[in-house]
Amino acid sequence: MRGSHGWAEIDAERKRAIIRGIVTGRPTRGPVHAEIDVTDRCNVACYFCNQQDVRTKDQISLPHLKRLVDELAEGGLRSVRMSGGGDPLFHSGILDFLDHLDARGVLIDNLTTNGALLGPEIARRLVARGAREVIFSVNAVDEQDYHRMMQVPLGTFGRVLTNIRGLLAARGTGVLPSVVVQFLVDRDNFREIPRMYALGRSLGADRVVISNVAVPSGANAITAAAAGGNASNQDNPVNRIADLNPNDIENVEVLKGASAAAL
């Protein structure tokens, strides 16, 4: 089962109360789900990351994180998503934090990570405590392209693949957590889309997600092309899949609806 933003963790009465609160505009109790950005620190330097220019070496202290979870749990918190400006597993107290979430009965609904630090200790905790979904931002299909995109020492790519296999091995015949392998496509690697899909499947991932890199160029600020609408990165010309030369691609199949969801 994929992440549900806490919806799967509450009973019908609580769901009805939340829906009534949305309809009437009146607050209910505290949130049942929260996204917690535990750290701004990261162990990679992805060229496409929107946090690169503002990243610091700060992290929320472990005592503060525990107080935050305690307060939210008292108000009815049932699950969290761990993502953020840095990689959540790069927090120096991550094991203690995972243990505290478990002690307060708070489920990990989603963990998004580059996976380089998801070793056996973390994998065992995620499986034993029924985490719902782990998204690995692999992005590249081989060592050299990973080095280019993530700007890390050679060897990191292999460790990430080992950690993905390790989590799936720890899961065994179970279904949780659902493992998602995510790739990013830009002008330098778009020919590797078939290999990306094949790699994801060979790892045993439950889902393979392939997205395009969109680096904001500021074009909208100049042309006001998105005025009154959605300022999507697809409106920016840098690294858009739409700008690729179709003559460079032997075979492209566009999937929509149920076919795309099946990936």
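Looking at residue 172, is it surrounded by fewer than 15 Cβ atoms within 10 Å (Cβ to Cβ) and either under 23 Å from residue 88 (Cα atoms) or at pLDDT 85 or above (or both)?
The answer is yes for residue 172.
If we scan segment 116-125, do we find a residue that is closer than 17 Å to residue 79 by Cα and either among the hydroxyl-bearing types (Ser, Thr, Tyr) or surrounded by fewer than 21 Cβ atoms within 10 Å (Cβ to Cβ) (or both)?
Checked against the condition, which is being closer than 17 Å to residue 79 by Cα and either among the hydroxyl-bearing types (Ser, Thr, Tyr) or surrounded by fewer than 21 Cβ atoms within 10 Å (Cβ to Cβ) (or both), segment 116-125 yields at least one hit.
Looking at this structure, is residue 141 out of contact with any helix residue (DSSP H, G or I) (no Cβ under 6 Å at 6 or more places or on another chain), of a type in the set (A, V, I, L, M) and surrounded by 14 or more Cβ atoms within 10 Å (Cβ to Cβ)?
Considered against the rule, which asks whether it is out of contact with any helix residue (DSSP H, G or I) (no Cβ under 6 Å at 6 or more places or on another chain), of a type in the set (A, V, I, L, M) and surrounded by 14 or more Cβ atoms within 10 Å (Cβ to Cβ), residue 141 comes out as no.
Out of all the residues in segment 40-91, which are at pLDDT below 90, among the polar types (S, T, N, Q) and touching a helix residue (DSSP H, G or I) at 6+ places or on another chain (Cβ under 9 Å)?
43, 59
Table: residues versus (1) within 18 Å of the chain's Cα centre (by Cα); (2) not in a strand (DSSP E or B).
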site: 70; (1), (2): no, yes
site: 98; (1), (2): yes, yes
site: 102; (1), (2): no, yes
site: 105; (1), (2): no, yes
site: 108; (1), (2): yes, no
site: 138; (1), (2): yes, no
site: 169; (1), (2): no, yes
site: 175; (1), (2): no, yes
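Please find, among 130, 155, the residue that is on the phi > 0 side of the Ramachandran plot and free of Cβ contacts under 8 Å to residues at least 40 places away in the same chain.
After ruling out the rest, the residue left standing is 155.
I'd like to know if segment 146-155 contains one or more residues that are outside any helix (DSSP H, G or I) and within 30 Å of residue 7 (Cβ to Cβ).
no
Given the conditions (1) of a type outside the set (Gly, Ala, Ser); (2) in contact with a strand residue (DSSP E or B) (Cβ under 8 Å, 6 or more places away or on another chain); (3) on the phi < 0 side of the Ramachandran plot, and given that residue 64 satisfies all but one, which numbered condition is not satisfied?
(2)
What pairs come up if the first residue lies in segment 1-24 and is of a type outside the set (Asp, Glu) and at pLDDT 80 or above, the second is in a loop (DSSP other than H, G, I, E, B) and loosely packed, with under 14 Cβ neighbours inside 10 Å, and their beta carbons are under 9 Å apart, counting only those six or more places apart or on different chains?
8/1; 14/29; 17/29; 20/26; 21/27
For segment 80-96, what are the residues that are touching a strand residue (DSSP E or B) at 6+ places or on another chain (Cβ under 8 Å) and not in a strand (DSSP E or B)?
Correct list: 83, 84, 85, 86, 87, 88, 89, 90, 91, 92.
The values are calculated or read from the model by the stated rules, or taken from the named source; none is laboratory data. Computed from a predicted model, the values in this text were never measured in an experiment. Note that we place each Cβ from the backbone using ideal geometry, even for glycine, and neighbour counts take in every protein chain shown.
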